[in-house]
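Comments concern the structure below.
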Amino acid sequence: MNIKENEQLQGCLEKVKEKNRRDAENGRIRYVYIQTFGCQQNEADGEKLRGMAEAMGYRYTSDAEQADLILLNTCAVREHAELKALSIIGNCKRLREKNPELIVGVCGCMTARQQRVDQLKKGYPYVTFTLEPASLHLLPLVLCRVMEEKRRRFLLGEDDGEAAEGVPVARTHKHRAYVSIMYGCNNFCTYCIVPYVRGRERSRESELVVAEVKELVEDGCRDITLLGQNVNSYKSDCDFAGLLEKLCALPGDFLLRFMTSHPKDVSDRLIEVMAKHPHRMAPHFHLPLQSGSDRILAAMNRRYTTEHYLGIVDRLRAAMPHVTLTSDIIVGFPGETEEDFAATLDMLRRVRFDMVYSFLYSPRSGTPAAEREEDFVPDDVKGERFSRLLALQDEIALEANRRYEGETLRVLTDSISRGDSHMYSGRTAAGKLVHFPATQDAIGQFVFVKIERADPYALHGAIVDA
Ligand code: SAH
Ligand code: SF4
Ligand code: F3S
């Protein structure tokens, strides 16, 4: 569905916009506040929520106290993410008492589960509506209804299953952007909630992806990340490697990257296309391993072995000697023994990842692994393994980063580094985080930074002439 062509949605959008225009005329500007949790997909959704809200005449604020519309874009991947979101939803009670006209919308993955929707309905009376990710584009419709009917709405399963096109996007950065190429996931890894909350895989038409990337580049975007839970299974009139070929053929000075790849689906063609376009394709591969034990990988329904994984790593490094590799690891999956965990550490030593995002296993109700209560690894054991993994990975990452000391790297500047107004940070083509002194005008520009010092998570240096 293209929402620009949908009369009902456009009608609702216009109605809310008209109301906000009248309020503004009467001196009451309406503000929207949006908070996003979770992954890049959710970040991209957050940009759409903001795009739609702005199209309806809301002005964006980073201060929740000022808002008339609060949109909380939640994540459900681990319990911690849900608890954090629930606590922030809880804060809206006080905000509503202060501003009785406040509309609170809970969006994102948490609201794709009946149980959570029921909980929000009953326990959080100041939540005005929920909107699951697949129905995100229905925001104007829901807002219009809650305003007209003055009642709460909890949508679930109202989408048509098709990827919505034409949703306005408010981009956070001009020089860096996310472009979703597919939605949903069919893999059903046994620990993971994503297929339940994001639905089945849907790929966007390649023509539309190409048009969006082209427009971004023409608008000055320098670094574009293609997004999908499993980009390798992209399928429209071409496969993922084919889509990359089309995008690599576009003119302009920009880099393309993508996430996430599933090891079972990495094709030789994909590696070939990346190697063939070194100035276009970022030399970075995020390849979640999850565990280094074949027994655990099977129990996770990952459908590859460590041997297969190592084969991909060899092929990637043979084709692109400077490629950086990053990964996700889950510690303490049900039934994980000390031996299984040792195999994970062993894989870290063998592959030598540049960076690992590690997570403590968190049971998600409704997933098969969460049923295996008798096999749960005790929290103290999980915690102890987690610390060992971090310590080892810090050593490996430090060594990997040290190899850049003394080198001059091209860096795309992003923002001020936290806490110091003279320090800026940016990323290299390979995705390395770099900190360096600069001024505001460097943001969005490529600069050359001579690396003086490395730590496990970042490089530190100073700008030099090209
Ligand atoms: N589609 C991507 C990312 C999914 S979520 C992929 O397949 O890699 C991001 C990461 O969260 C996963 O890679 C996994 O490491 C972690 N994760 C997912 N479910 C989890 C759970 N129940 N507990 C702990 N970590 C989890
Ligand atoms: Fe979750 Fe697995 Fe799908 Fe990734 S591939 S989103 S981990 S089910
Ligand atoms: Fe979280 Fe949903 Fe992403 S569960 S990790 S926001 S797909």
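The values are calculated or read from the model by the stated rules, or taken from the named source; none is laboratory data. This is a predicted model, so every value here is computed, not measured. Heads up, the Cβs are rebuilt from the backbone with ideal geometry, glycines too, and the neighbour counts pull from every protein chain shown. When the accessible area is computed, the model is the full protein with side chains, heavy atoms only, and any ligands, DNA or RNA have been set aside. Shrake-Rupley method; radii C 1.70, N 1.55, O 1.52, S 1.80 Å.
Looking only at the stretch 417-438, which residues are touching a residue at least 12 places away in the same chain (Cβ under 8 Å) and over 20 Å from the mean Cα position of the chain (by Cα)?
Filtering the stretch 417-438 down to residues touching a residue at least 12 places away in the same chain (Cβ under 8 Å) leaves 417, 422-438.
Result: Ser417, His422, Met423, Tyr424, Val434, His435, Phe436, Pro437, Ala438.
Residues that are small (Gly, Ala, Ser), open to solvent by less than 30 Å² (accessible area, probe 1.4 Å), closer than 26 Å to Val331 by Cα and part of a helix (DSSP H, G or I) within the stretch 60-97 comprise Ala81, Ala85, listed in sequence order.
Scanning the stretch 262-299 for residues that are under 18 Å from Thr344 (Cβ atoms), among the aliphatic types (A, V, I, L, M) and more than 22 Å from the chain's Cα centre (by Cα) yields Ile296, Leu297, Ala298, Ala299. The condition (being open to solvent by 20 Å² or more (accessible area, probe 1.4 Å), within 14 Å of ligand 2 (Cβ to nearest atom) and not in a strand (DSSP E or B)) is satisfied by just one residue among Arg303, Arg269, Arg295: Arg303.
Could you list, in sequence order, all residues of the stretch 272-291 that are more than 16 Å from ligand 3 (Cβ to nearest atom) and open to solvent by less than 10 Å² (accessible area, probe 1.4 Å)? Break it down into steps so the answer makes sense when it comes.
To start, the set of residues in the stretch 272-291 that are more than 16 Å from ligand 3 (Cβ to nearest atom) comprises 272-285, 287, 289, 291.
Passing the criteria: Val273, Met274, Met281, Ala282, Phe285, Leu287, Leu289, Ser291.
Remark: pairs (first residue in the stretch 297-311, aromatic (Phe, Trp, Tyr); second residue surrounded by 14 or more Cβ atoms within 10 Å (Cβ to Cβ); Cβ separation under 7 Å; 6+ apart in sequence or on different chains) = Tyr304/Pro263; Tyr304/Lys264; Tyr304/Leu297; Tyr309/Pro263; Tyr309/Leu289.
Report the residue count in the stretch 150-194 for those that are open to solvent by less than 50 Å² (accessible area, probe 1.4 Å) and charged (D, E, K, R). I'd like the intermediate steps shown before the answer.
First, the residues of the stretch 150-194 that are open to solvent by less than 50 Å² (accessible area, probe 1.4 Å): 153-155, 159, 161, 163-168, 170, 175-177, 179-185, 187, 189-194.
In the following step, the residues that additionally are charged (D, E, K, R) were identified as 153, 159, 165, 176.
The number of residues fulfilling the criteria is 4.
In a helix (DSSP H, G or I), open to solvent by less than 20 Å² (accessible area, probe 1.4 Å), of a type in the set (Phe, Trp, Tyr) and in contact (Cβ under 8 Å) with a residue 24 or more places away in the chain, is that true of Phe333? No; evaluated as a whole, the condition is false for this residue.
Exactly one residue among Asp237, Asp253 is outside any helix (DSSP H, G or I) and farther than 26 Å from Lys432 by Cβ, and that residue is Asp237. Any residue at all in the stretch 24-33 that's within 25 Å of the chain's Cα centre (by Cα), within 16 Å of ligand 1 (Cβ to nearest atom) and either in a strand (DSSP E or B) or buried (at least 18 other Cβ atoms within 10 Å of the Cβ) (or both)? Looking through the stretch 24-33, none of the residues is within 25 Å of the chain's Cα centre (by Cα), within 16 Å of ligand 1 (Cβ to nearest atom) and either in a strand (DSSP E or B) or buried (at least 18 other Cβ atoms within 10 Å of the Cβ) (or both).
When Glu212 is tested against (1) over 18 Å from the mean Cα position of the chain (by Cα); (2) within 14 Å of ligand 3 (Cβ to nearest atom), only condition (2) is not met.
The number of residues in the stretch 377-412 being surrounded by 18 or more Cβ atoms within 10 Å (Cβ to Cβ) and over 15 Å from Glu338 (Cβ atoms) comes to 9. Within the stretch 42-54, is even one residue open to solvent by less than 20 Å² (accessible area, probe 1.4 Å) and outside any helix (DSSP H, G or I)? Among the residues of the stretch 42-54, not one is open to solvent by less than 20 Å² (accessible area, probe 1.4 Å) and outside any helix (DSSP H, G or I), which makes the answer no.
Scanning the stretch 102-125 for residues that are open to solvent by 50 Å² or more (accessible area, probe 1.4 Å) and either of a type in the set (S, T, N, Q) or not in a helix (DSSP H, G or I) (or both) returns Gln114, Gln115, Gln119, Pro125.
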